[in-house]
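I have placed the structure first, in the form of structure tokens, so that the comments after it can refer back to it.
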Amino acid sequence: MKSALKKELNLLDIFCVATGAMISSGLFILPGMAFAKAGPAVIISYILAGILCIPSLMSNAELITAMPKAGGDYFYIMRGFGPLLGTVAGFSSWFSLSLKGAFALVGMGTYLSLITDMPLNLIAVLCCLVFVVLNLLGVKEAGRLQVMLVVGLLAILISYVLWGFRSINPVHFTPFFSKGLSPVFATASFVFISYGGLTKIAALAEETRDPGRTLPLGMVLSIIVTAIIYTFVIFVTIGVLDPDRLGSTLVPISDGAGAFGSNGLKIAISIAAFLAFISTANSAIMTASRYPLGMSRDKLIPAYFQKLSVRSNIPYIAVLVTGSFMVLALLFLRLELLVKVASSILLLLFMFANLTVILFRESKILSYRPKFRSPFYPYLQIIGILGGLFLLIEMGAFIMLLTMLFLLLGFIWYKFYGQKRSSRDSALIYALEKLVAKDKELTSDNLLTELKDIVIQRDRMTEDRFHKMVQESQVVDIEQPMRWRDFFKDMSRILGTETGQDADGIFMKLVEREEESSTVLRKGLAIPHIVVKGENVFRIILARARSGIIFPDDKLAHIIFILAGSSDERNLHLKVLAAIAQITEAPGFDEKWFEARNEDELKNIVLLAERRRVV
């Protein structure tokens with residue numbers, strides 16, 4: 001059963017999913033391990049990792065608002081580079097987010113093991129099963145829990161910072177680069193997974209209300225709040241905790257609270273950590289499970305991953321498989337290895353997000369219409385790609401080898417399963433078309449149509465009569481210059497066929513209308529319009545004349561809309577004229593009209609334009 005997901009998430013939900021996904025193990029477990037690698041300069045490692053996320057944040061925000069569909073970064077990488085890299089990206093995103101969730105569950109088990117004798121991995125597995133059940137109940141329920149968890153978490157962490165500032169020992173920060181400068185960069189790549197929550201909310205785009213505004217705003221607010229929290233909490237923890245103890249503990253923030261506060265504060269921090277782990281594990285299952293759903297829609301994995309529960313509209317097969325994979329990761333992967341592999345894959349995905357923005361921008365697909373556009377293009381994207389590559393190299397040869405092995409498995413899956421079943425256009429093909437003699441046989445209109453449909457669904461565009469008439473209209477693309485009478489003769493034959501009326505009669509009406517007063521409304525635009533016989537008759541012809549139609553007084557028109565309607569459609573006639581005027585006066589319309597590569601793109605320019613709907 002294939003169905004659309006419900007739009008039930010608002011700005012607060014999105015902010016809390018992303019923030020809760022980032023403030024968890026990256027804060028409550030990793031600082032101790034990271035401090036052992038970089039010393040007090042670990043603060044710079046966290047800041048550097050956050051800064052290097054900014055280009056990818058901007059690129060993700062642009063791509064998500066252009067294509068708010070389940071599957072997040074998989075969906076737009078698939079549309080950018082095609083099914084081969086789409087397969088690798090889909091598995092990589094799912095794998096990375098699942099591992100981050102598993103990492104959070106390990107953290108939860110670490111804190112719970114302080115009060116129980118149960119094995120750490122068993123605790124983590126049981127917690128995973130609880131969250132699988134919660135996510136099967138519905139995204140709205142999971143989202144509500146996320147908001148409560150994150151609000152409580154932030155309140156406790158702010159209290160920790162304010163209280164701990166009074167007890168900071170400056171000696172703990174000297175020497176600041178105690179391990180040297182190089183480990184600072186290597187540690188930045190190690191803690192990069194701490195910001196992995198940014199990719200998670202992309203997976204929930206299809207379930208978000210007003211994604212064009214909600215998603216970019218939620219992402220920006222989330223990374224600002226998270227970076228500030230990381231910096232101040234780690235600063236306080238280094239300042240209050242003995243360096244030897246900090247470098248060896250898996251519960252650094254809890255130990256920090258015990259060093260300067262009462263036992264009550266330590267308990268509060270342990271509660272905050274537990275809330276953080278719950279929120280990350282919950283959001284990991286919530287978001288990672290949307291990747292198998294998106295891949296299944298594209299026929300890259302079996303169709304049963306699309307199945308939605310009747311009651312909650314949740315992709316329950318995808319949720320169950322994601323939970324099972326996290327259980328396996330908990331049982332068989334070491335903590336540090338789990339973190340490094342997940343971080344390396346996350347870096348690759350962020351680099352691909354930047355590449356995908358460049359690809360869509362340079363392919364100049366007119367149906368690519370993001371609500372948010374990344375600033376400083378393409379410099380920000382280039383910085384993001386080079387920064388990601390630098391951090392990836394810093395992770396070392398063994399982790400690079402494991403990452404390449406994982407990517408190879410993705411290639412093998414596509415070769416033996418996906419290649420036979422999935423065939424999609426990509427922005428890469430459209431970009432190549434510009435370089436190789438504009439070979440029309442290279443491309444089809446599948447991607448253009450899909451992106452157009454996404455924009456219509458995203459912006460809730462009403463398919464009014466004008467919309468339907470444009471969809472059904474004839475489009476004429478004229479390369480050579482023509483005199484207006486010759487042009488009208490050709491258009492009269494088309495209108496005569498469509499309305500069942502005499503073409504010569506239509507021609508005479510067009511001529512009389514033009515001689516009465518010019519239909520060239522401005523430089524380059526003409527809207528010849530006539531009244532024809534009959535009832536409920538209305539037709540539109542869209543014409544592009546690259547070299548121009550020469551109207552009386554040598555007026556030249558390249559954009560021509562020809563309207564023919566019966567007298568009973570007078571009101572519609574006037575509204576269509578107003579709609580066309582509004583569309584053609586939009587900034588950049590003429591440039592888009594000339595850049596369109598085929599008839600469908602010409603229609604899409606009109607269909608996707610912002611205008612008042614004709615009721």
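A short reminder: the numbers here are calculations on the coordinates, not readings from a lab. Just so we're clear, the structure is a prediction, and the values are computed from it rather than from any experiment. Cβ coordinates were reconstructed from backbone atoms using ideal geometry, including for glycine residues, and neighbour counts include every protein chain displayed.
Between amide H atoms placed 1.01 Å from N, distances below 5 Å from Lys555 occur with no residue 5 or more places distant or on a separate chain. A Förster distance of 22 Å, applied to the separation of the beta-carbon atoms of Phe594 and Asp453, puts the FRET efficiency at 0.35. The simple spin-label model puts a point 7 Å past each Cα toward its Cβ; for Glu479 and Leu217 those points are separated by 4.9 nm.
Modelled spin-label separation between Arg209 and Met148, with each label point placed 7 Å from Cα along the Cα-to-Cβ direction: 2.0 nm. Rounded to whole Å, the principal axis extents of the Cα atoms in region 462-607 read 39, 37, 24, largest first. With the highest mean first, a sort of the peptides 30-42, 282-294 on other beta-carbon atoms found within 10 angstrom per residue produces 282-294, 30-42.
A cut-off of 5 Å between modelled amide H atoms, ignoring neighbours fewer than 5 places along the same chain, links His529 with Leu563. Quick check: from the Cα gyration tensor, does the chain come out rounded (a/c under 1.5), prolate or oblate? Because a/c hits 1.5 or more and a/b exceeds b/c, the chain counts as prolate. Spatial offset of region 226-291 relative to region 38-105 amounts to 23 Å, using the alpha carbon center of each. For the chain, the antiparallel share of DSSP beta bridges with both residues in that region comes to about 45%.
Each of Arg465, Arg79, Arg483, Arg369 was scored by other Cβ atoms within 10 Å of its Cβ. Arranged with the fewest first, they read Arg483, Arg465, Arg369, Arg79. Peptide packing: for 297-308, 578-589, the average count of neighbouring Cβ atoms within 10 Å per residue gives the ranking 297-308, 578-589, highest mean first. Listed peptides 346-353, 224-231, 516-523 appear in the order 346-353, 224-231, 516-523 once ranked by packing, highest mean of other Cβ atoms within 10 Å at the front. If R₀ is 60 angstrom, what is the calculated FRET efficiency for the pair Leu386 and Asn263, using the beta carbon separation as r and rounding to 0.05? About 0.80, to the nearest 0.05.
The slack in the chain from Ser167 to Asp244, taken as 0.36 nm per residue of separation less the alpha-carbon distance, amounts to 25.9 nm.
Relative contact order for the chain: 21 percent, from Cα pairs under 8 Å spaced at least 6 residues apart, divided by residue count. Counting 0.36 nm for each residue step from Lys523 to Leu12 and taking away their Cα separation leaves a gain of 179.2 nm. The distance between label points at Thr174 and Glu362 comes to 5.2 nm (points 7 Å beyond Cα on the Cα→Cβ vector). Net charge dipole, the chain: roughly 940 debye, given to the nearest 20, about the Cα centre with Cβ charges of +1 for Lys and Arg and -1 for Asp and Glu.
What does a probe at Gln582 reach in region 537-576, counting residues whose amide N is under 12 Å from the point 7 Å along Cα→Cβ? Output list for this probe position: 575-576.
For the pair region 576-608 / region 160-183, the C-alpha centres are spaced 59 Å from each other.
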